[in-house]
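> What follows is a structure written as structure tokens; I'll ask about it next.
The values are calculated or read from the model by the stated rules, or taken from the named source; none is laboratory data. The structure presented is a predicted model; accordingly, all values stated were derived computationally and were not measured. Glycine also receives a Cβ, built like all others from the backbone with ideal geometry; neighbour counts cover every protein chain displayed. Accessible surface areas use protein heavy atoms only, side chains included; no ligands, DNA or RNA. Shrake-Rupley method; radii C 1.70, N 1.55, O 1.52, S 1.80 Å.
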Amino acid sequence: MASKIEQLIDEIEDYINNCKFQTLSNTRIIVNKDEIDELLRELRMKTPDEIKNYQKIISNRDAILSQAKKQADAMLKEASDQTMQLINEHEIMTQAYAKANEVVTKATLQAQEILDSATIEANSLRANAMQYTDDLLASVESIITRTVETSVANYNELISNLNSCNAVVKGNRTELHPIEDDGLEPISFEAEDEPSDGPQMM
């Protein structure tokens, strides 16, 4: 079952894929700023909840180790009880000690195996949770980067078009007044490589 973050990422990708292309362009799209902002805002709100879920998975490591310790303690107690029972039944002391040592050794080995297995499983859960979270954040970073790059390109193209229109207007005025000098300076629009507040997406 997909997580809420994965669903939001799918929605953002679907939204970008369904955006209309700019006129005479097969790579540049028109993005609605309010809609993409809403999707990103919801994504930011859901991310802490998803990370908490992964932290719960990691916290299960302690529960697994605690359960393993209880099992080990129970096995050791059982071994001790068996030893006392053998002694109380007046069996030969050497056989009783040999049997007791065998049981204790076996119980200790089994307890260590349980602890080792629990530790490996807990570490695996933690590594998987961290990797999954990193993959989700990488997807979010990629989407935001693509959105910013598209917005900057659109902004720069707008500035270029404005400069072209301004040159045409200036030329027309010059044709209307070829001799007169009206003292007006042409207006120049300069594109920014990366606007400080970011371009406004339509």
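> Taking amide hydrogens as modeled 1.01 Å from N in the peptide plane, which residues meet the under 5 Å criterion relative to I29, leaving out close sequence neighbours?
Correct list: Q22.
> When the Karplus curve 6.51 cos²θ - 1.76 cosθ + 1.60 is applied with θ = phi - 60°, which whole-Hz ³J(HN,Hα) does each residue of segment 140-148 get, with x for Gly and Pro?
Using θ = phi - 60°, the values come out as 4, 4, 5, 5, 5, 4, 4, 5, 5 Hz.
> Leaving out ligands and nucleic acids, and using a 1.4 Å probe, what accessible area per residue does segment 91-147 come to in Å²? Spell out each step's value before the answer.
On the way: 3820 Å² over 57 residues.
So segment 91-147 comes to 67 Å² accessible per residue, rounded to a whole number.
> What percentages make up the Cα-Cα pair-distance distribution of segment 97-184 when the bins are 5 Å wide from 0?
2, 10, 7, 7, 7, 6, 7, 5, 5, 5, 4, 4, 4, 4, 4, 3, 3, 3, 3, 2, 2, 2, 1, 1, 0
> Oh, and also: Using a simple spin-label model with points 7 Å from Cα along the Cα→Cβ vector, what separation in nm is obtained for E141 and D73?
4.4 nm
> Oh, and also: Identify the residues of segment 128-161 with backbone N under 16 Å of a label point that sits 7 angstrom from the Cα of T27 along the Cα-to-Cβ direction, or state none.
Label zone hits: 146-158.
> Let me ask something else. Keeping every protein chain in place, order I120, I9, I30 by accessible area at 1.4 Å, biggest value first, i.e. largest first. Write out the running numbers ahead of the final one.
Numbers: I120 115, I9 10, I30 85 Å².
Descending order: I120, I30, I9.
> What is the sum of charges around N128, taking Lys and Arg as +1, Asp and Glu as -1, for the other residues whose C-beta is under 13 Å from the C-beta of N128?
Working: positive: R61, R126; negative: E121, D134, D135.
Charge balance in the 13 Å sphere: -1.
> Just grab the label-to-label distance for L109 and Q82, each label 7 Å out from Cα along the Cβ direction, in nm (one decimal).
Inter-label distance under the simple model: 1.3 nm.
> Report the label-to-label distance for N101 and V148 in nanometres (one decimal), using points 7 Å from each Cα along the Cα→Cβ vector.
7.0 nm
> Using the structure shown, select from K69/K106; K33/K56; K4/K33; K4/K70; K20/K46; K4/K56 the pairs with a Cα to Cα distance greater than 25 angstrom.
Numbers: K69/K106 15 Å; K33/K56 35 Å; K4/K33 22 Å; K4/K70 36 Å; K20/K46 28 Å; K4/K56 16 Å.
Distance filter (> 25 Å) returns K33/K56; K4/K70; K20/K46.
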